[in-house]
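Peer 1: Quick one: the structure is below, and I'll ask about it shortly.
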Amino acid sequence: GSYKLLSLDGAYGNALGEFQLSIPRKVEDEDDLGRISVVVALDNGDVKYKNFLIPYTLDEGLLNWLDNNIQQGMVKKGNFIYHGPLSSPTQEMKVVQLWLDVEQGHISYAEGFPPVTNVAGEFLLDQTDAVATVTRANILSLSVHDAGVKLSIGEEQRVINVQGRLERAPSETVIAFLHSKAMQKLTANVLNGWQSPQGFADARINVHVP
C-alpha cells in the first residue's frame, strides 16, 4: 500500500488531508478488494465545488438531490472522509461522511416549496442521510430559527423532513407560505381562503415529504 499527505489550495478553498491506497496482490482475490482512504479538512471554501469532495459512487438519488438542491454558500470549515474497497463497492462496505460549516447557504429542499436562503449552519452527509442544522435562515421573507432539513435515502424510503421556528413573522408572509404551490397540493386548497393582511405570528414549520 501507499500513504500520502495532501495539500491543496484553489477556488474551492484550502484543503489539507491524507490519502492511503492498498492494492490487492491478486486481482482475482475476492476476499481482498483493496482499499482507498481519503481524509480532507477544508477551510474557506465554496459550496459550488462540493462535487470535488463527494464521490460519484454514492446513491444516485442522493447525488442528484445534493447536486440540484444545495446550490450555494460559503464554507467556513469542512471535513470529508471516504473509506472503501477499490472494486465493486457496495453501500455497506464503504464509509462516506462530509461535514460543512456554512454561511450564506441556499437549499431547495422539495419541489414546489420556497427555498431556504441565507442559511447559516452545519451540513452533514453520513452514508445515505443528509442533514442540515440551521441556526438562522430565510423562507420567503420569513426569518427562521433553529431549523433542520433531513434527507434519508435507502432501499425502502426516500424521505425529506423540514422543521423550523418563526418569531413575530408578518402574518401576510406566513399566509403566502401556506398558499405556496406545494402546500396547496398537500392541503387540497382548503387554506386558499385564509387571509391576514396585518399582524404578526409565532409558528413552527414541520414539512414531511415522502
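The values are calculated or read from the model by the stated rules, or taken from the named source; none is laboratory data. Owing to the predicted nature of the structure, the values given are computational and were not obtained by experimental measurement. All Cβ positions, even for glycine, are placed from backbone atoms using ideal geometry, and neighbour counts span all protein chains on display. In case anyone asks, the SASA skips ligands and DNA or RNA and just uses the protein heavy atoms, side chains included. Shrake-Rupley method; radii C 1.70, N 1.55, O 1.52, S 1.80 Å.
Peer 1: List the longest stretch of the chain that has no exposed loop site; here a site is one of the GluC sites (Glu not before Pro) assigned by DSSP to anything other than H, G, I, E or B, with at most 12 other Cβ within 10 Å.
Peer 2: After excluding every exposed loop site, the longest remaining stretch is 31-110.
Peer 1: Sticking with this structure for a sec: Give the accessible surface of the chain per residue, rounded to a whole number of Å², with probe radius 1.4 Å and ligands, DNA and RNA excluded.
Peer 2: Counting only protein heavy atoms, the per-residue value for the chain is 59 Å².
Peer 1: At q = 0.09, 0.17, 0.19 Å⁻¹, what log₁₀ I(q)/I(0) does the chain have when each alpha carbon counts as one equal point scatterer in the Debye sum?
Peer 2: Debye curve over Cα of the chain, log10 I(q)/I(0) at q = 0.09, 0.17, 0.19 Å⁻¹: -0.44, -1.15, -1.33.
Peer 1: A further question follows. Of V162, L186, H208, which is farthest along the charge dipole of the range 123-210 in the positive direction, counting Lys and Arg as +1 and Asp and Glu as -1 at C-beta?
Peer 2: It is L186, whose Cα lies furthest towards the positive end.
Peer 1: Within the chain, which is the longest segment containing none of the chymotrypsin sites (Phe, Trp or Tyr not before Pro) that sit in a DSSP loop and have at most 13 other Cβ atoms within 10 Å?
Peer 2: With a cap of 13 other Cβ atoms within 10 Å, the longest stretch comes to 57-193.
Peer 1: Can you find, among Q195, A130, A147, the residue farthest towards the positive end of the dipole of the chain? Put +1 on the C-beta of Lys and Arg, -1 on that of Asp and Glu.
Peer 2: Q195
Peer 1: Okay, moving on. Taking the Cα atoms only, what angle lies between the long axis of helix 60-69 and the longest principal axis of the chain, rounded to 10 degrees?
Peer 2: Taking the Cα atoms of the chain, the angle to 60-69 is about 50 degrees.
Peer 1: Let me ask something additional. At 7 Å along the Cα-to-beta-carbon direction for both D43 and K76, put a label point, then send me their distance in nm to one decimal.
Peer 2: Taking the simple label geometry, D43 and K76 are separated by 1.4 nm.
Peer 1: To continue, here is another question. Given K76/K150; K50/K181; K76/K181; K48/K181, which pairs have Cα atoms separated by over 25 Å?
Peer 2: Listed pairs above 25 Å: K50/K181; K76/K181; K48/K181.
Peer 1: Let me ask something additional. Only helical DSSP H runs with n ≥ 4 go in: add -39500 (n - 2.57) per run for the chain, normalise by residue count and round the 222 nm mean residue ellipticity to 500 deg cm²/dmol. Before the final figure, lay out each step's value.
Peer 2: On the way: 3 runs with 25 residues, N = 210.
Per the formula, -3500 deg cm²/dmol.
Peer 1: Given 20 °C and 1.002 mPa s, how large is the Stokes-Einstein diffusion coefficient of the range 92-210 in µm²/s, with Rh as the Kirkwood radius over Cα pairs?
Peer 2: The Stokes-Einstein estimate is 140 µm²/s.
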